[in-house]
Amino acid sequence: MERPIRLRRSILSVPANREKMVRKALNLPADVVMLDLEDSVPADEKEKARHAVVEALTASGWEGRVRAYRINDMGTPFAYRDLIDVVEKAGSFVDVIVVPKVNDPAEIKAIDYWLTQMEMRFNLARKIGLEASIETAQGMLRVGEIAVSSPRLEALVFGIADYGASLGMPSGGISGHGDAEEDAAGFRWLFPLSRMVMAAKAAGLAAVDAPYGDFRDPQGLARSCAMSRALGYDGKWAIHPDQLEVINQVFTPSDEDVARSVRIVEAYEAARARGEGSVAVDGKMVDAASVRLARVTVAVAKATRRSARTDAPAAQPPPKA
């Protein structure tokens, strides 16, 4: 199963049971709108929220955006119904399912089996992708195994708040980067961020960083985005619509990066056509990993342009004379 390359610069989580928020999200410049069935939905509203996910996914207005929803974690009594109730009714409209608090590769494998059966039962033409959220010390310890647990897996997501809690890290009450970092300057996150992105890239997956907690601090958000981008991350979750523009800007490949990536891909294809096994670009040898990265960069640049056209306001008719 070939993994699709999706635009994941910005991911906006929206409570599935908040209809007005869902409608508003579809008019915002988020690459991924993720309908949440987990933390933001009270236990007594889970069933109602599943119906809301089906209605939202099958509605119009998603053009250019990834259709995603987050189930409850596999240690709860809600996860299996989150899969069955939504996929059976709206499976052909689902691009990605986000699995929270993944601690064991068996969790992803189990969901893969269930989805395979439902896709066969309902003749779904497209395979539904998965994203695994790494949110605990146990999950981080096994992140390499999780990354290769299923060909459906498309991305790993860093769940910073629960990860910090699982290690007993002090918290200032802000859910995300920027919490209690005055002394540590954020360095406490470098190891888990590096470990997770390494596992993701080794398995050919995208890597998505946790949100920045203070939506009133665009400078802090920009610094946080720049750090994760420098580590190899492809995008970041947002907790507020005002964060989307900054996130998109930082994670959009520069014109220079795109131009060089195009040269790498073209040189590689030309070398293959000549039967040559090696290629040099700008005086430097290019390895297989560089070619893969270049292909992703080119695909993301194309998707970014399509997204920009989709988000542009509709043209207005000329005024009548």
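The values are calculated or read from the model by the stated rules, or taken from the named source; none is laboratory data. Predicted model, so just to flag it, every value in this text is computed and none were measured. Glycine also receives a Cβ, built like all others from the backbone with ideal geometry; neighbour counts cover every protein chain displayed.
Some observations on this one:
- Count of the range 1-16 residues which are at pLDDT 95 or above and either surrounded by fewer than 21 Cβ atoms within 10 Å (Cβ to Cβ) or not charged (D, E, K, R) (or both): 7
- Within the range 111-135, being in contact with an Asp or Glu (Cβ under 6 Å, 6 or more places away or on another chain) and of a type outside the set (Asp, Glu) holds for one residue alone: Gly129.
- None of Leu153, Leu115, Leu167 is in the same structural domain as Lys201 (by TED's automatic domain parsing), more than 16 Å from the chain's Cα centre (by Cα) and farther than 25 Å from Ala52 by Cβ except Leu167.
Table: residues versus (1) in a loop (DSSP other than H, G, I, E, B); (2) on the phi > 0 side of the Ramachandran plot; (3) small (Gly, Ala, Ser).
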{"residue": "Thr116", "(1), (2), (3)": "no, no, no"}
{"residue": "Met120", "(1), (2), (3)": "no, no, no"}
{"residue": "Asn123", "(1), (2), (3)": "yes, yes, no"}
{"residue": "Ala132", "(1), (2), (3)": "no, no, yes"}
{"residue": "Met140", "(1), (2), (3)": "no, no, no"}
{"residue": "Gly144", "(1), (2), (3)": "no, no, yes"}
{"residue": "Val157", "(1), (2), (3)": "no, no, no"}
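- Scan of the range 27-57 for residues that are assigned to a loop (DSSP other than H, G, I, E, B) and farther than 17 Å from Leu83 by Cβ, ordered by number: Asn27, Leu28, Pro29, Ala30, Asp31, Asp39, Ser40, Pro42
- Odd one out for Ile146 among (1) in contact with a Pro (Cβ under 9 Å, 6 or more places away or on another chain); (2) more than 19 Å from Ala202 (Cα to Cα): (2)
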